[in-house]
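Comments concern the structure below.
Nothing in this text is a laboratory measurement; each read-out follows from the coordinates by a stated rule. Quantities reported herein were computed from a predicted structural model and do not represent experimental measurements. Positions of Cβ are backbone-derived with ideal geometry, glycine not excepted, and every protein chain shown enters the neighbour counts.
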Amino acid sequence: MAHQTQASGLSSGNYVMIDGEPCEVRSVSMSSPGKHGSAKAKIKARGIFDQKDRHLTKPGDSMMMQPDVDKKEGQIVSREGTIAQVMDMDTYETEEMELPEDLSAGEGDQIKYWVIDDRVLVKGLKN
């Protein structure tokens, strides 16, 4: 479940929702408060799924949504093209997910993947 945090509380490496997409924060710079205004947070982030750079300026005390990033490991049970059935190594549940084209993994290989808001991102083979 996603939770809220203040824009001024973000730091590099945090995850935040921008334009409905989960993003990894690359940098946050805070401007000084002015005579009639509050401090502003300038946030630079990159989309986790689409790799697009996003820039956002918000008041430092405004609330932003942070997605829950569930980092998991699984074993490939079967693979057909880019679609694979993967068994979670903790719960032993299986689910289908799309593997990257350049991932050379087959049955029995273990992979690392992230689950973010019911979307799955395969990170690669487990070392």
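Take the alpha carbon atoms of region 3-27, find their center, do the same for region 63-127, and report the distance between the two centers in whole angstrom.
A separation of 23 Å, based on Cα centres.
Just for the Cα atoms in the chain, what are the lengths along the principal axes, largest first, rounded to whole Å?
63, 27, 24
Based on alpha-carbon positions alone, could you give the equivalent ellipsoid semi-axes of region 69-125 from the gyration tensor, as √(5λ), descending, whole Å? Display every interim value, and only then the final one.
On the way: eigenvalues 49, 32, 19 Å².
Three semi-axes, in Å: 16, 13, 10.
Place a +1 charge on the Cβ of each Lys and Arg in the chain and a -1 charge on the Cβ of each Asp and Glu, then give the dipole magnitude about the Cα centre in debye, rounded to the nearest 20.
Numbers: 16 positive and 22 negative charges, 252 e Å.
Taking the Cα centre of the chain as origin, the dipole is about 1220 debye.
Take residue 19 and residue 83, extend 7 Å from each Cα along the Cα→Cβ direction, and tell me the distance between the two endpoints in nm.
So the label points at residue 19 and residue 83 sit 3.0 nm apart.
Rounded to whole Å and sorted largest first, list the principal axis extents of the Cα atoms in region 41-87.
Result, largest extent first: 48, 19, 11 Å.
Report, ordered by chain and residue number, the lysines lying within cross-link reach of residue 72, taken as a straight Cα distance under 23 Å and ignoring same-chain residues fewer than 8 apart.
Reachable lysines: 112, 123, 126.
Quick one: which residues, 5 or more positions from residue 99 or on another chain, have an amide H under 5 Å from its amide H? H modelled 1.01 Å from N in the peptide plane, none for Pro or chain starts.
83, 84
How high is the relative contact order of the chain, in percent, with contacts defined as C-alpha pairs under 8 Å that are six or more residues apart?
20
Between residue 5 and residue 62, what length comes free when the chain is fully extended (0.36 nm per residue of separation minus the Cα-Cα distance, one decimal in nm)? Spell out each step's value before the answer.
Working: separation 57, 0.36 × 57 = 20.52 nm, distance 0.83 nm.
Once the chain is fully extended between residue 5 and residue 62, it gains 19.7 nm.
Restricting to Cα atoms and excluding each atom paired with itself, what does the Kirkwood estimate give for region 13-63 in Å? Write out the running numbers ahead of the final one.
Details: mean 1/r = 0.0875 Å⁻¹.
Across region 13-63, the inverse of the average 1/r is 11.4 Å.
Among the aspartates and glutamates, which fall within straight-line cross-link reach of residue 71, defined as a Cα-Cα distance under 14 Å, with same-chain neighbours fewer than 8 residues apart omitted?
88, 90, 117, 118
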